[in-house]
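None of the figures in this text is laboratory data; all of them are computed from the coordinates on show. Bear in mind that the values here come from a model prediction, so they are computed numbers and not experimental data. Counting neighbours? That spans all protein chains shown, and the Cβs are built from the backbone with ideal geometry, glycine included.
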Amino acid sequence: MESLRLASFSKPSSLTIGGSDRSSDRFKKVCFPTGKLSGCGAWNILNMSLDVRSQQHLLRHHIGRFEERTTFYKRIDKKCLVNAASGHPLESEPGAYKPKSIGDSFKNALDAFYRFSRPHTVIGTALSIISVSLLAVEKLSDISPLFFTGVLEAVVAALFMNIYIVGLNQLTDIDIDKVNKPYLPLASGEFSIGTGLMIVTSFSILSFWLGWIVGSWPLFWALFISFLLGTAYSINLPLLRWKRFAVVAAMCILVVRAVIVQLAFFLHMQTHVYKRPAVFSWPLIFATAFMSFFSVVIALFKDIPDIDGDKIYGIRSFSVRLGQSRVFWICIVLLEIAYGVALSVGVAACCSWSKLITVSGHAILATILWNRAKTVDLKSKAAITSFYMFIWKLFYVEYLLIPLVR
């Protein structure tokens, strides 16, 4: 029995601090010279009991430290998971996540407004007004500060009205744009409906205010008619929302882009700025006729990439009724006819430099259009949208050629 009791204390736990106790070893050799319990047995048992208790205390201490570290790392893991779920970086260092600065917020808001204003229409409006204003120039001395002031008044007022029209169209088409144009600020949620209403209301008031301050009746009537047609085109009220009807929608765009822009802004420069009688020159008639073709093409083509959303929400555009491919080639043929007419006008021009520029310019544009059209994948929405932007570029180039038709 004594040997069994001794065996249970023969080897303590390995969890010690500072290695083995040498004095304890010497004590064991003295008290247990033969491996049997001797007169020192009681002291030896007491010493070994205290050693075991100290090892147990050390073990509990290590376990406690281990649990504290485990709890600490669990907290870190939990924090990382929360950050990951909220879209924050997983780094645990303080300051790893930095909120957007005022500069970044302003830049994002400016980018959203840029998309809200539909920049391709803004560029088209500005170029068309400048181009038509140049048709009123009869001699070199007409290019004066008075000319630039008149052009600036017309451009700024028209751009304010342009933003009202495209903004109202987005406000009434939020659900459709979520399918067709999810990148627009109202459809994506970057702008609230309240923000959109504030923008369109402010810009319409600014447009009319500027037109009234300038005191040009052609300019004011251009703004007023654009406002009426743009509102009737988009707003969802009884007998309105004319965009639902393909022919009426095309006529709205044609009247604004082909007639109002050409005639009203020419008369603004001719009668208000230069104080001359209203005379409709041959270049002005050509510009109105050519842009009538172009405006119809824009009105038809803009619905080709939007066919999915239009079908869902009952917009009976020509693309929905006739199919994308048929409307696409109708647009190409109409533009080629317009370029053919422009070639004839260029051949009949009296000035040799005007003849050269008009004929060669429109021949090059007609060729580029036809070659590009043959490569478009009509099953790809991205390809169709890209080609629609290409048509707007042709629109811009035409307004660079129009002032040279003499």
- Item | Additional length obtainable on full extension of the chain from T149 to A232, 0.36 nm per residue less Cα span | 26.7 nm
- Message: Beyond a 29 Å Cα-Cα separation, which of these cross-linked pairs lie in this structure: K355/K379; K243/K379; K302/K374; K107/K379?
- Response: K355/K379; K107/K379
- With a 10 Å radius around each residue's Cβ, average the other Cβ atoms per peptide and rank 311-321, 267-277, 371-381, highest first. 267-277, 311-321, 371-381
- Task: Residues in the range 127-168, backbone N under 18 Å from the label point at S202 (7 Å along the Cα-to-beta-carbon vector): list them, ranges by number please.
- Result: 156-168
- Item | Relative packing of peptides 138-145, 220-227, 192-199, 241-248 - highest average C-beta neighbours within 10 Å first | 220-227, 241-248, 192-199, 138-145
- Query: Over the range 289-406, what is the relative contact order in whole percent, taking alpha-carbon pairs under 8 Å and six or more residues apart?
  - Reply: 27 percent
- Query: Sorted by average packing, counted as other Cβ atoms within 10 angstrom per residue and highest first, what order do 278-284, 293-299 take?
  - Reply: 293-299, 278-284
